[in-house]
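The values are calculated or read from the model by the stated rules, or taken from the named source; none is laboratory data. Because the structure is a prediction, the values reported are computed rather than measured. Because the Cβ atoms are built from the backbone with ideal geometry, glycine has one as well, and the counts that use them run over all protein chains shown.
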Amino acid sequence: MARPPKTYRLRGQRIRYIRERPSPVADGECDPPGPHRAIRIDPTLPVERLVVVLIHEGLHACLWDQGEDAVTETAESLGALVLGEVVVTKRYEP
């Protein structure tokens, strides 16, 4: 049974996070601006890919006017930071 969607507020907008494969060729997608926006992400992704796709689609939700190349480059860079500091070490030390 699929988990119900969670709702997050990103830059003042309510965005539903739905755990489902958006299409056969995409790991994630973000709806364009509108009243019922959602991010859909494949729930079967390995954690390393999930982190990058979450960041990528979150960037689209926050910065819809940015091009795909800028979003992809930023998501991969932030993903490497998060994975290197949180997921890989599994602890946070300030």
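Observations
- For segment 67-86, the condition of being modelled with pLDDT under 95 and in contact with a Phe, Trp or Tyr (Cβ under 8 Å, 6 or more places away or on another chain) holds for at least one residue.
- When each of 40, 14 is tested for being farther than 19 Å from residue 78 by Cβ and touching a Ser or Thr at 6+ places or on another chain (Cβ under 7 Å), the lone residue that passes is 14.
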